[in-house]
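Notes to accompany the following structure.
The values are calculated or read from the model by the stated rules, or taken from the named source; none is laboratory data. None of the values given here were measured: they were computed from a predicted structure. Note: ideal-geometry Cβ built from the backbone for every residue, glycine included; neighbour counts use all protein chains shown.
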Amino acid sequence: MRSVRSAWSLAGLVAGLAGVAVSYAVAMAMSIRDSPVVAVAELVIRATPGAAAEGAIGVLGTWDKPVLVVVILVFLAGAFAWAGRLAARSWWAPVAVYLALATAGVVAVSMQPAASPLAFLPLTLGFVTWVVVLSLLADPLRRLDPAAGAADESTGGPDGVALATRRGFLLRAGAIAAVSVVVSGAGRVVGAGRRQVEETRRLLRLPGVTEPVLPRGVRAGVADITPWETPNDDFYRVHTAIVVPSIEPRNWRLRIHGLVDNPLEIGFDDLLARERTEAWVTLSCVSNRVGGDLIGNAWWSGVRVADLLAEAGVRPGADAVLQTSDDGWTCGTPLAALTDDRDALLAVAMNGEPLPIDHGFPVRMVVPGLYGYVSACKWLVDLEVTRFDDIEAYWVGKGWAEQAPVKIASRVDVPRSGSDVPGDAPVVFGGVAWEQHTGIEGVEIAVDGGPWQPCTLASVPSVDTWVQWSTSLSLDPGDHTVRVRATSKGGQVQTGVEQDVLPDGATGWHSVDFTVSEPDA
Ligand SMILES: Nc1nc2c(c(=O)[nH]1)N[C@H]1C(S)=C(S)[C@@H](COP(=O)(O)O)O[C@H]1N2
Ligand SMILES: [Mo]
């Protein structure tokens with residue numbers, strides 16, 4: 001340390017390193033595909049004119065991306081050191097530099113496909129780390145450099161206090177640098193675990209799992225309606241885990257115990273050795289608001305849990321099964337729903353592919369007719385046959401209902417809310433309706449508070465899926481409102497009484513405002 005000035009540069013550099021390490025580790029742990037630095041590199045690549053990019057690739061070959069990342073890191077190192085020197089004079093100038101860098105990261109991350117709000121967490125934590133670490137390191141430096149402004153030559157003379165402070169600073173800087181290296185190493189390991197399981201999953205062939213074949217007549221034939229079959233990538237995702245479990249199938253074990261005569265413990269191959277059952281089942285979330293999209297319909301393949309429970313021999317007196325995930329999340333499911341003829345599944349495949357990791361790889365539960373939070377445990381590792389009186393599952397402890405069958409619901413997909421509809425033809429209406437495991441008998445719409453008018457229902461393979469509905473009506477030009485309600489096969493008419501999602505699912509009619517334009521002359 002020749003001068004206080006270089007000490008400030010070092011402080012900035014170490015703070016910067018710590019922030020990058022934290023954001024990298026968080027990104028890896030959250031299995032975000034790219035860390036913020038890589039996101040910036042990709043943005044640079046995309047923003048580079050084609051010819052220049054090709055020239056660079058020509059010169060650098062497949063090393064273009066790593067080289068770019070190194071260039072960005074070198075640039076960052078310069079900016080970090082500069083921020084450190086600025087910190088000698090003011091507290092806000094380095095923060096402004098960090099903020100500018102973080103903003104570049106935010107822009108890059110938000111241009112990544114499917115950036116969710118959570119994708120900004122690594123950057124946020126990295127930024128916080130910068131500020132905290134810099135102030136930790138600035139503290140001894142300010143004591144060394146009371147003028148904190150005439151920061152060129154070593155002002156701390158050879159007296160003991162300055163030496164001790166200097167040693168304190170170097171120790172802190174060294175410790176933070178070391179922790180940063182460990183943190184990014186840990187991030188690498190976590191990310192590698194996920195990538196490894198991703199690879200296993202990609203190569204996995206599941207006997208008895210068939211490709212989804214769209215049943216006849218399930219499409220209402222309305223343009224822009226939500227597809228009846230939901231592709232895995234579009235399927236909604238709800239879980240409490242920030243780092244989702246990465247489980248190698250060969251390490252997976254399922255324990256079935258509690259009020260049973262023969263507790264079982266089976267591995268993935270044991271599970272696959274059992275008879276396969278496949279079905280279209282619509283899964284929905286209790287947090288789905290009226291008109292919401294926390295619902296999807298997939299072709300699930302797996303093993304009937306009823307068969308395994310029969311093998312285990314359920315004792316009298318049990319009325320519930322507590323399901324536990326590898327991540328510790330739990331849900332309590334009525335025993336009856338797992339043992340009756342609805343074919344509750346230990347699912348291993350979704351739409352003909354091994355379960356995506358985010359949807360519970362390698363095994364999750366799917367129970368037609370129940371909201372996900374009481375039935376659809378992902379990364380399932382434990383089934384305890386028990387009594388509702390003796391358990392408190394994750395969401396039930398937070399005020400949600402202990403039992404939660406899906407409520408009848410319907411949604412208008414077309415016309416979209418706020419859209420303009422051409423006035424020279426009848427207006428086409430379409431959407432979906434569901435009450436899994438009960439089934440939908442009819443759907444009606446009412447325009448502008450007028451009478452309910454019956455719609456046409458498309459086909460369904462069973463009562464366990466949603467159904468598409470459609471109709472068309474001639475309407476005058478101007479603003480209109482349409483609302484929809486369904487009637488179940490049980491004869492129940494969907495209520496218009498509005499209830500929030502807490503504690504056991506929303507009720508109320510979905511309505512959509514749209515405008516019919518004047519027909520062209
Ligand atoms: N391990 C675990 N399983 C879980 C959850 C969770 O938080 N953790 N959420 C449940 C909820 S609330 C729903 S709605 C469904 C969603 O399943 P999906 O993400 O595959 O759509 O998973 C259920 N299974
Ligand atoms: Mo949910």
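Quick one: which residue in 113, 117, 122 is in the same structural domain as residue 31 (by TED's automatic domain parsing) and modelled with pLDDT under 75? After ruling out the rest, the residue left standing is 113.
Residue 132: under 15 Å from residue 87 (Cβ atoms), at pLDDT 80 or above and surrounded by fewer than 22 Cβ atoms within 10 Å (Cβ to Cβ), yes or no? Here the answer is yes, as residue 132 does meet what is asked.
Residue count for the stretch 152-169 under the criterion of being within 22 Å of residue 89 (Cβ to Cβ) and at pLDDT 50 or above: the result is 5. Only residues that are in contact with a Phe, Trp or Tyr (Cβ under 8 Å, 6 or more places away or on another chain) and not in a helix (DSSP H, G or I) were counted in the stretch 2-42, giving 1. Checking every residue in the stretch 270-290 against the condition of being free of Cβ contacts under 8 Å to residues at least 60 places away in the same chain, under 29 Å from residue 504 (Cα atoms), touching a Phe, Trp or Tyr at 6+ places or on another chain (Cβ under 6 Å) and within 16 Å of ligand 1 (Cβ to nearest atom) gives zero matches.
Considering only residues that are surrounded by fewer than 24 Cβ atoms within 10 Å (Cβ to Cβ) and near ligand 1 (Cβ under 10 Å from one of its atoms), which ones fall in the stretch 341-358? Within the stretch 341-358, 356, 358 meet the criteria.
A quick yes/no check of all residues on (1) out of contact with any Ser or Thr (no Cβ under 9 Å at 6 or more places or on another chain); (2) within 16 Å of ligand 2 (Cβ to nearest atom):
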site	(1), (2)
315	yes, no
339	yes, no
344	no, no
350	no, no
355	yes, no
369	no, yes
373	no, yes
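All conditions but one from (1) of a type in the set (S, T, N, Q); (2) outside any helix (DSSP H, G or I); (3) modelled with pLDDT of 90 or more apply to residue 103; the one that does not is (2).
Highlighted here are the strands (runs of 3 or more DSSP E) found entirely within the stretch 388-473 that include at least 3 residues which are over 25 Å from the mean Cα position of the chain (by Cα): 427-434, 440-447, 467-473. The residues in the stretch 249-259 that are more than 14 Å from residue 305 (Cα to Cα) and not small (Gly, Ala, Ser) can be counted, and the count is 6.
Selection of first residues in the stretch 387-408 that are in the same structural domain as residue 373 (by TED's automatic domain parsing) and closer than 12 Å to residue 374 by Cβ and of second residues that are at pLDDT below 95 and more than 16 Å from ligand 2 (Cβ to nearest atom), restricted to Cβ pairs under 8 Å at least 6 apart or on distinct chains, gives an empty result.
When the stretch 175-221 is limited to residues that are touching a residue at least 40 places away in the same chain (Cβ under 8 Å) and charged (D, E, K, R), the one that is nearest to residue 277 (Cα to Cα) turns out to be 211. The criterion of being surrounded by fewer than 13 Cβ atoms within 10 Å (Cβ to Cβ), among the acidic types (Asp, Glu) and under 28 Å from the mean Cα position of the chain (by Cα) holds for residue 211. Of all residues in the stretch 199-244, those satisfying the criterion of being more than 11 Å from ligand 1 (Cβ to nearest atom), assigned to a loop (DSSP other than H, G, I, E, B) and hydroxyl-bearing (Ser, Thr, Tyr) are 210, 226.
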